[in-house]
Ligand SMILES: [Zn+2]
């Protein structure tokens, strides 16, 4: 079984309801998984010089008109009505106008942060990131579990810099992609460069510059890529990263876009070394894309057997009988202090039933505590999905867990 919705049911992670199509109801275990991924990404972005921000979910129509989203992306947005006050007659219906739209992406909001004060060349490259709650009005027939949603959180990052700094930012991005994907157990990915679409902003001259800058940078970094005509974003060409999963499927997750258009439309500027105004380039990037979709793909890739660092519950302690309970509780408290997501299974059940239940929930590590283990002050450690069993001390377990629960320790910017 590898459908993420069935796995989510077994693991008690999330569910869907008809009254909120394309939106996820996260359960306690599911939100632990979501947070473990979010926290890992937060550390990665911080290590790479990004600063986290948070911006509103609804933004005024005038902003979307200026950014071009209203014209080019209108059908994909949820427009929000606002009450304009009542007409003179008390019984009259309030006037509703569609002044706001829920953001389908965070670009214009990050532009607003950039423009909130005067910027200097000293701040380049300025890197902002947000776990942005986005809404897209996908047609109901295209919705499919976590793989296509109407509401999702995206690791949405923007860099404001000079053209001469772009190649270095692409290099950083590909380094992040490689290490982050490896931490989730993906070792193969491919690159595609998507060129100008028919519906687009700006002059051909700017598109020529942006496309050749992207192609030359990727070539200079020694990566293979495919070219795709007409598939870029409406504001700039796009580098797309697709990973290969264990079932041989390809999923486009990471994206990086070079954008000369929005900085022009919004008249972005920083003060350069000569005290003159200079226009920055805007780079848009996401490594995971939608976190919900990322989790759906991850569950299917691992058949629910997640890397220990990401798993909602990392280890369960299962005492064989009442007599072994005190030692099991000692192990539980020590691991909890260490920051491990640990559960104690003290129900009155046979050990084989406990193991069956914990396995169904895909808990990666199970520590079995029998009477033999009390005497030797050890535990019997089992790895889900393998026949491996080890008799180890609590100190040894702690030592191993410290490494297993911190993926970012091995990350280098
Ligand atoms: Zn963007």
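What follows draws every value from the coordinates through simple rules; no lab data is involved. Everything quoted here is computed from the prediction, not taken from an experiment. Cβ: placed from backbone, ideal geometry, glycine included. Neighbour counts: every protein chain shown.
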Problem set entry | Helix 351-360 axis, angle to the chain major axis (alpha carbon atoms, nearest 10°) | 10 degrees
For this session: Could I have the simple spin-label model distance between residue 142 and residue 387, label points 7 Å from Cα toward Cβ, reported in nm to one decimal?
Result: 4.8 nm
Exercise. Against the longest principal axis of the chain, how steep is helix 291-302, in degrees 0 to 90 to the nearest 10, with axes from Cα atoms?
Worked result: 40 degrees
Seminar exercise, completed: So for region 1-64, using the alpha carbon gyration tensor with a ≥ b ≥ c as root eigenvalues (a/c under 1.5 gives rounded; past that, a/b versus b/c decides prolate or oblate), I'd call it oblate
For this session: For the chain, divide the Cα radius of gyration by the Kirkwood radius and give the resulting Rg/Rh value with two decimals.
Result: 1.05
For this session: Multiply the residue separation of residue 18 and residue 99 by 0.36 nm, subtract the distance between their alpha-carbon atoms, and state the gained length in nm to one decimal.
Result: 26.4 nm
Problem set entry | Top of 360, 238, 32 by mean-square fluctuation, Gaussian network on the chain, Cα under 10 Å | 360
Exercise. What nm distance separates the two modelled labels at residue 376 and residue 400, each placed 7 Å from Cα along Cα→Cβ?
Worked result: 1.3 nm
Seminar exercise, completed: So the angle from the long Cα axis of helix 28-47 to the longest Cα principal axis of the chain, reported in degrees to the nearest 10, equals 60 degrees
